[in-house]
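Novice: Encoded as structure tokens, here's the structure I'll be asking about.
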Amino acid sequence: MGTVVNAANKEGTESALSIKKPKVVFVLGGPGSGKGTQCANIVEHFGYTHLSAGDLLRAEIKSGSENGTMIQNMISEGIIVPAEVTIKLLEKAILGTKNDKFLIDGFPRNEENRAAFESLTGIVPEFVLFFDCSEEEMEKRLLSRNQGRVDDNIETIRKRFKVFVESSLAVIEYYDSKGKVKKIDAGKPVEEVFEAVKAIFTPVEDKA
Ligand code: UP5
Ligand code: MG
């Protein structure tokens, strides 16, 4: 019986998303590359809704959900949470928002995430914004962030870098092979990075 209920729910969500047909941009880059910072700027200037997969997972921990402890343990170790958990949260956020333009920040983080998202939602990203930054610079930023994140300690930061190189870069390479990656030098000051971001989001006819 449980299976039937799940199937019905899943179908309901799928059809709702295919009716909505949201426009999605994936915002990817290593830990501390500035994804959240630049998404806030894009929202302000270009009318997107920002969905940080990491923020959604952290909110899920706080809400006391049954998955909370598992998510907390995985984030503390810098491990990638199973695709179905993250995708459910993203779907709920997309369907609960009137806007139809979304920045999905920090997801997909591996091939499993990417393939599951495309097949479950039918959404293909318009493009992928890739913030390219050295580990030295990212480490410096994360160690001075001071927002109380359980994963902002040197031991977990090194694990996050390893997971990024071993699992997440493959996603960027996949979209690069489809000609969808727009790469930004993210090692520069915030304002300079945003200048490069702006050039990507500004419609061609406005770039006089
Ligand atoms: N800063 C930003 N830009 C700067 C600049 N140009 N110059 C100088 N300083 C700059 O920035 C980080 C810090 O640097 C801030 O203090 C900022 O002021 C400064 P931020 O914009 O927060 O960088 P961001 O790339 O968003 O870094 P974040 O730490 O959020 O990236 P992660 O990818 O590590 O974190 P996320 O929240 O996406 O994921 C955390 C964990 O959740 C993962 O490790 C994983 O365990 C789990 N997760 C999943 O399992 N699945 C998912 O789909 C998503 C997350
Ligand atoms: Mg972030």
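Please treat every number below as a calculation from the coordinates, not as lab data. Computed from a predicted structure; not experimentally measured. When we count neighbours, we look across all protein chains shown, and the Cβ atoms used for this are built from the backbone with ideal geometry, even at glycine.
Novice: Leaving out same-chain residues fewer than 8 places away, which lysines sit with a Cα under 18 Å from that of Lys178?
Specialist: Lys23
Novice: Longer than 20 Å from Cα to Cα, which of Lys21/Lys62; Lys62/Lys92; Lys20/Lys180 are they? Say none if no pair is.
Specialist: Working: Lys21/Lys62 30 Å; Lys62/Lys92 17 Å; Lys20/Lys180 22 Å.
Result: Lys21/Lys62; Lys20/Lys180 exceed 20 Å.
Novice: Now for a separate question. Taking the Cα centre of the stretch 21-198 as origin and charging only Cβ (+1 Lys, Arg; -1 Asp, Glu), how large is the dipole, in debye to the nearest 20?
Specialist: On the way: 25 positive and 28 negative charges, 81 e Å.
Taking the Cα centre of the stretch 21-198 as origin, the dipole is about 400 debye.
Novice: Test of understanding: what is the full-extension gain from Ala40 to Ser144, defined as 0.36 nm times their sequence separation minus their Cα-Cα distance? Present the calculation step by step, with values, prior to reporting the outcome.
Specialist: Values: separation 104, 0.36 × 104 = 37.44 nm, distance 1.95 nm.
Additional length available on full extension: 35.5 nm.
Novice: My understanding is that a pair violates if its Cα-Cα distance is over 30 Å; which of Lys140/Lys182; Lys98/Lys198; Lys101/Lys183; Lys98/Lys162 do that in this structure?
Specialist: Lys98/Lys162
Novice: Expected output is a single nm value to one decimal: the length gained when fully extending between Ala199 and Ala16, i.e. 0.36 nm times separation in residues minus the C-alpha distance. What is it?
Specialist: Values: separation 183, 0.36 × 183 = 65.88 nm, distance 3.27 nm.
Extending this stretch completely gives an extra 62.6 nm.
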